[in-house]
Amino acid sequence: MFSLMTKLFFAGVFISVVPLFIYQYISFEQSSKTLQLTYAKELKHKTELTTLLINQAISHRSSDLNIIAGGVGELLSLKNYKTIEKQFNNLALNKNDVNSLTLLDKEARVLIASDKSRKNISSEVRNILTTYKSSAINEVYLSELVTNNDEAYIYMIKKMIDYDYFLVIEINIKNIDLLLSNFDDEVNGDKAIYIIDKNNNIIISSDKTKKIMASFTDIDKLNSQNELDDRIFHFKDFENEDVIASYDEISKFGFSEALGWKIIASIPISVINKDVSKSLAINKKVSILIVIITFLILTLLSRNIVKSIQKVVDVANKISSGDYSARVEDKNTTTEFNTLLIALNSMADKIQNRTNKLEEQKLLLENLAHYDTLTQIPNRVLFKDRIEQAIAKAKRHKNKFALFYIDLDEFKHINDSFGHDMGDEILKVIVLRINTVLRKEDTFARLGGDEFTIILEELQDINSITVIADKIIDTIKKPIDINGNVFKVSTSIGISIYPKDATDKSNLIKYSDIAMYKAKSMGKDNYQFYSEDMSNYSYNRIKMKQSLDFALENNEFEVYYQPQINAKTNELSGMEALIRWNHPEDGYIAPLDFLPLAEEIGMIIEIDQWVMKTAMKQMLIWNEQGYNPVILSLNLSIKHLQHENFVSMLKSNLEETGCKPEWIELEVTESHIMSNYEESIAKLKEINKLGIRISMDDFGTGYSSLSHLKLLPIDKLKIDKSFVNDIPEDEEDVAIIKAIIALCKSLDLTVLAEGVETDKQSGFLVENGCSYIQGYLYGKPQSNKDFERNFLKS
Ligand SMILES: Nc1nc2c(ncn2[C@@H]2O[C@@H]3COP(=O)(O)O[C@H]4[C@@H](O)[C@H](n5cnc6c(=O)[nH]c(N)nc65)O[C@@H]4COP(=O)(O)O[C@H]3[C@H]2O)c(=O)[nH]1
């Protein structure tokens, strides 16, 4: 993996350097070729010039020889040898290339010489002369080249026909005018010029370091394939160096044919290339400058891009790590980058908005998950979490805390009677009130319905718990006014203490719940601290549940009958059937101790049915026996009454037992009827139609209004024992009882007082218009046999 910077750098190198290299190479090659051709043409010119010079020199010497020969002939005839010698000397002196001028006889003896010291001729000249004499040439003869000590000579011979003498001019090739200077120009230069003989040996060279006559081996190999232009070749010279060369042949001029020389001018390609390099030096510098500028621009550009990308990456990283407020602030000059930045920022905006919404929804969900929607206090879930925290905290600091389990008494009836909306409003008021009693650090939660919990942490002493419990009870107890309806709500509180009662969540809750039940069973508006005995109580409940399942099968239930007396006449006006449970192990169990449980576990209908049938059968028996038990009053649980088949069950019971409907009176409690008023009315009317009477039990404890009562198909009201207990002393109760009696009168209802134990109570009731009495004063609930004996037979 390469960074963007590295990639851009290498791309820059590739883009800028490679084309420049190619360009440099091509321009070098091109320039080299052009220069080679230019040089070649120059070389060609040089060879042509040299050829011309040599030809001219030879031609001039030849003319000189002819002229001298003419002059010498005359002087010889005058025997003026001195003048001949003088002429010889003049020529030798004036012409650089003329080394000597000699007159020889036919035996090749020196007759006259420009150089007096010369008495004999060299063997080479003698041989030339011999060759000349044997040939048929009478014109000027040109010899082959003769070399001697780095010098090269040619000899020109002219026969003096009249005398059989020979004139010989020795020409030093190298001393030919201009040729020398022409050659000298190139000495020490890069160019070289050579004269080679017909055997390709160098006769003369501008470069003295190159041996004269050294073999110029490859000259014959110059052929068309090496030919760049007319007589211009590219080849390797005798030192194996690449050269460009041009040549010319001296043989093309007149008699010089005999020479067969070639003039070669050459220049090494390396020299040309040096020139090319020189001329391209500026080009190179410009290229290097371009490369440097390109690098600089690319570096700046890539830095700029990388910097911008880095900003984008930084922001993207921040966003990915949860910082949705991160934005790219800087504007970039690049359009594409600006587009990217705008897109990224808008993406971040969207993510932030979405995250905010999610957060809000999360909070809402958390709220819904942890808070009670009605009262806005913690719900069961949050309560469980808080109690765990409280346990951990108390454990750490070795503290204790209290757990309150609060249940509103009879709240279900309020709910049922006035509807859930009203119930909800009451709950809200109660929650507000409890909150005023609590400190901020206390957790107040609603577990559901009318059940609440409070965790009281950092307790100073046990007294503070009772103070708060009392305050809660008192504040709830105060009348609650909802839209003109005034309610009085009582409450039961169970309290468990950490770590005294339990150190774990579930036991603390369980024990506070048990304590709450205990509080409930002890009467209203009360609190109870948990104790181990209470656990036994709840254990007993579980045991009782199991026992109830078998009680019917095992015939453990019995129906007792309590007389109802017309106190005015002292006659039996009826009786109430009351269930009794004779537990095989625990003995007698009071109805209020097991009936709520039976209702809870759904057994109440079965039990009621059994009581109903048993009592109906008993009525038939007593009627058949000729007794007059008058009316059988049967208790009815609300669940039983609300059962959709209740009326048909009632009918079939009547049919099954043979009991007449007019013998029967069904007792429904005031609160039960009011809890489901509409449905109850319909059902009670159906029952009424069967000819069965209906009485309202526990009257005064519910919330029925006059208008409700008027519409109900009831025959009798039963004044609750709680109002009877303290009469005639309690003025309030007296007033209530009087009001109920007056109400019955006005609605044309029979009125019966329950729980009458004393003559005083009975006397007061009769005196005030309530002659029907039920109570221990006249008889406790008793077995059928006892009842028959005590009230039917007598
Ligand atoms: N201290 C005292 N008590 C008196 C006096 N006179 C009557 N009582 C008691 O008052 C209760 C009257 O019955 P209730 O109000 O219908 O109240 C009944 C009734 O609501 C319910 N219940 C009893 N048997 C049945 C039944 O078979 N089915 C249903 N659904 N409920 C029943 O259980 C409640 C309690 O029944 P019990 O314990 O039998 O208690 C009976 C009776 O024994 C008195 O002078 N002093």
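Some observations on this one:
- Label-point separation, Asp385 to Glu151 (7 Å along Cα→Cβ), nm: 12.7 nm
- Each of Leu340, Asn353, Leu364 was scored by the projection of its Cα onto the charge dipole of segment 325-370, and the greatest displacement toward the positive side belongs to Leu364; charges sit on the C-beta of Lys, Arg, Asp and Glu.
- Positive minus negative residues near Phe699 (Lys, Arg vs Asp, Glu; Cβ under 10 Å): -3
- Inter-label distance, Leu743 to Asn200: 15.3 nm, where each label sits 7 Å from its Cα along the C-beta direction.
- The distance separating the Cα centre of segment 591-633 from that of segment 661-695 comes to 16 Å.
- Whether segment 668-794 is rounded, prolate or oblate, judged on the alpha carbon gyration tensor where a/c under 1.5 counts as rounded: oblate
- The chain: radius of gyration over Cα atoms, expressed as a fraction of 2.2 N^0.38 Å: 2.66
- Candidate lysines for bridging to Lys311, where Cα separation is under 28 Å - those fewer than 8 sequence places away on the same chain excluded: Lys7, Lys331, Lys350, Lys357
- Residue pairs exceeding 19 angstrom between C-alpha atoms, taken from Lys613/Lys660; Lys683/Lys716; Lys500/Lys524: Lys500/Lys524.
- Listed by chain and number, the aspartates and glutamates whose C-alpha is less than 12 Å from the C-alpha of Lys545, apart from same-chain residues fewer than 8 away, are Asp593, Glu599, Glu600.
- Residues Arg354, Arg541 arranged by fewest to most Cβ contacts within 10 Å: Arg354, Arg541
- Val489 long-range amide H proximity, modeled H, under 5 Å: Ile480
- Here the simple spin-label model places points 7 Å from the Cα toward Cβ, and for Asn353 and Leu93 these points are separated by 12.0 nm.
- Over 31 Å (Cα to Cα) - which of Lys82/Lys159; Lys46/Lys119; Lys568/Lys721; Lys639/Lys721; Lys520/Lys745; Lys384/Lys721 fall in this group: Lys46/Lys119; Lys520/Lys745; Lys384/Lys721
- Working from Cα pairs under 8 Å separated by at least six residues, relative contact order for the chain is 7 percent.
- Antiparallel DSSP beta bridges within the chain, as percent of all bridges there, nearest 5: 75 percent
Each reported figure results from applying straightforward, stated rules to the coordinates on display, with no laboratory input. Keep in mind the model is a prediction, meaning the values are calculated, not measured. Reconstructed Cβ throughout: ideal geometry from the backbone, glycine too, with neighbour counts over all protein chains shown.
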